[in-house]
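Shown next, in structure tokens, is the structure this report addresses.
The values are calculated or read from the model by the stated rules, or taken from the named source; none is laboratory data. Everything numeric here is computed off the predicted structure, so don't read it as measured data. Neighbour counts run over all protein chains shown; Cβ positions are idealised from the backbone, glycine included. When the accessible area is computed, the model is the full protein with side chains, heavy atoms only, and any ligands, DNA or RNA have been set aside. Shrake-Rupley method; radii C 1.70, N 1.55, O 1.52, S 1.80 Å.
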Amino acid sequence: MTLSKRIATLFFAAFMLSLVGCASTAHHEGTGEYIDDSVITTKVKAAIVGEPTLKATEINVETYKGTVQLSGFVASTAAAAKAAEVARGVKGVQAVKNDLRLK
């Protein structure tokens, strides 16, 4: 085997190993999923800001593999339900875990 073929094989093997490093598992997000979740989080936050009945500064949004978790404190159960409804309306949201608490 010539030197150039060995070097090409080495680079190809390193490339394939780097792809495996970006793959997701049940307990770890891949790079693409992390970016997708960041986009979903941003869209949900924007939707909550756009809802005049909600105080966006009191609601925290986190996303993991398409599941949105809402946490924080709201003034009423109606506000908690509205925040969950707004989050469900965002494209890409697979589920909503509503952990909002009453003040």
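Assorted remarks:
- Residue within the stretch 20-33 that is over 16 Å from Val93 (Cβ atoms), modelled with pLDDT of 90 or more, polar (S, T, N, Q) and not in a helix (DSSP H, G or I) present: no
- When the stretch 66-92 is filtered for residues that are closer than 18 Å to Tyr34 by Cβ and open to solvent by less than 30 Å² (accessible area, probe 1.4 Å), the ones remaining, listed by number, are Gly66, Val68, Val90.
- Pairs, first more than 20 Å from Val90 (Cα to Cα) in the stretch 66-79, second in a helix (DSSP H, G or I), C-beta under 8 Å, six or more apart: Phe73/Glu58; Val74/Glu58; Val74/Ala80; Val74/Ala83
- Among the residues of the stretch 36-65, those identified as open to solvent by less than 30 Å² (accessible area, probe 1.4 Å) and hydroxyl-bearing (Ser, Thr, Tyr) are Thr41, Thr63.
- Number of residues in the stretch 48-88 that are of a type outside the set (Ser, Thr, Tyr) and over 15 Å from the mean Cα position of the chain (by Cα) equals 23.
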